[in-house]
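The values are calculated or read from the model by the stated rules, or taken from the named source; none is laboratory data. Please read all numbers here as calculations on a predicted model, not as lab measurements. A quick note on method: Cβ atoms are made from the backbone with ideal geometry, for glycine too, and the neighbour counts reach across all protein chains shown.
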């Protein structure tokens, strides 16, 4: 099967970052180096690994931005995507309320907490 890569996460160093940037390819690594390194074999595919104490398995979702990289286990990916959508909707609502001049940020956040408490959700 042909799979398109969205990016690469390296638990080590990368080089040729200017070229990588020109290609528009996303790479996250611990460091940048000019050294080519020594080959350590061909590696294995679809085997669990541990990076910084975090287990990563085939099929897990990897999310990365300028602030870092996170792993979402495959079994929880849909749940986390739904939660992220809920957070985005709440944040959009807050922005809209403030933009319309109906409320301050403190008032909107307090209202959301009140609504969450009324629905039996955790407040925090």
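Residue-by-condition table, conditions (1) modelled with pLDDT of 95 or more; (2) outside any helix (DSSP H, G or I):
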| position | (1), (2) |
| --- | --- |
| 41 | no, yes |
| 58 | no, yes |
| 63 | no, yes |
| 79 | yes, no |
| 93 | no, no |
| 97 | no, no |
| 108 | no, no |
| 121 | no, yes |
- Message: Can you tell me which of (1) more than 30 Å from residue 111 (Cα to Cα); (2) modelled with pLDDT of 90 or more; (3) more than 18 Å from the chain's Cα centre (by Cα) is the one residue 70 doesn't meet?
- Response: (3)
- Message: Just to be sure I understand, how many residues within region 43-54 are closer than 21 Å to residue 6 by Cβ and in a strand (DSSP E or B)?
- Response: 3
- If residue 75 satisfies every condition in (1) touching a strand residue (DSSP E or B) at 6+ places or on another chain (Cβ under 9 Å); (2) part of a helix (DSSP H, G or I) but one, which is the exception? (1)
- Any chance region 11-20 includes a residue that's surrounded by 10 or more Cβ atoms within 10 Å (Cβ to Cβ) and either assigned to a helix (DSSP H, G or I) or assigned by TED's automatic domain parsing to the domain that holds residue 109 (or both)? yes
- Note down all Cβ pairs under 8 Å where the first residue falls in region 62-86 and is in contact (Cβ under 8 Å) with a residue 60 or more places away in the chain, the second is not in a helix (DSSP H, G or I), and they're at least six residues apart or on different chains. 69/9; 69/28; 69/62; 69/63
